[in-house]
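Written below as structure tokens is the structure these notes are about.
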There are 2 protein chains.
Amino acid sequence: MLEKTTRMNYLYDFYQSLLTPKQRSYMALYYLEDNSLGEIAEEYNISRQAVYDNIKRTEQMLEQYEEKLLLFQKFQERQELINQLKGTLLTNPSKEELLTFIESLEKLD
Amino acid sequence: MLEKTTRMNYLYDFYQSLLTPKQRSYMALYYLEDNSLGEIAEEYNISRQAVYDNIKRTEQMLEQYEEKLLLFQKFQERQELINQLKGTLLTNPSKEELLTFIESLEKLD
């Protein structure tokens, strides 16, 4: 569950601009601010089930956007390379070694 | 016009997965393979005006996606940094200089 929350937080971060204002509100309350479905239902004066359905649909949309655009996956790949590059920098690398990293970063786009 | 074509080629590259198969076909024929509106109309047996309207709408969609997700803009910023980093590598930079670039790259996401 924690893993899913982390993933949803990232996907929300990357794709929130493609959601409707209502979808953004529910997702932010549920995933970022850790409100319960009941609390959100009360705040918006709708049924708990309606909140649940909306959030489930939004989660599916976020996963579909990720399937198509891979922004989270590419972000992770870039961060991984950048971390390796930082580690390599501590070992007095040659210019060639550094260039290899930089070219891998370039190719990721 | 050449500038617009280049921009549309990039936007198409970043967002084509969000288009319908028909939109993708028309855009690819027009922008990537440089067919005329008339040639596309003949190929699909529809009016030149219908092809034009479809392509105009698709261009607007691509610009709206870019407004929301900024994938092309971020790509350009990253490429610019990577090119600067490559240039700096030729000048025997200190680790601190290199680290500054790497951290700028990290922050771009």
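Okay, here's what the table says:
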| quantity | calculated |
| --- | --- |
| Filtered residue count, region A:89-99, keeping only those that are out of contact with any Leu (no Cβ under 7 Å at 6 or more places or on another chain) and either surrounded by 14 or more Cβ atoms within 10 Å (Cβ to Cβ) or not polar (S, T, N, Q) (or both) | 4 |
| Residue within region A:67-77 that is over 30 Å from residue B:85 (Cα atoms) and within 11 Å of another protein chain (Cβ to nearest Cβ) present | yes |
| Checklist (1) over 19 Å from residue A:75 (Cα atoms); (2) in contact with a helix residue (DSSP H, G or I) (Cβ under 9 Å, 6 or more places away or on another chain); (3) surrounded by fewer than 17 Cβ atoms within 10 Å (Cβ to Cβ) applied to residue B:19, failing item | (3) |
| Restricting region B:92-109 to residues that are of a type outside the set (D, E, K, R) and more than 19 Å from residue A:91 (Cα to Cα), the residue that is farthest from the other protein chains (Cβ to nearest Cβ) | B:104 |
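Computed from the coordinates by the stated procedures, all read-outs in this text should not be read as laboratory data. Keep in mind the model is a prediction, meaning the values are calculated, not measured. Cβ atoms come from the backbone with ideal geometry, glycine included; neighbour counts cover every protein chain shown.
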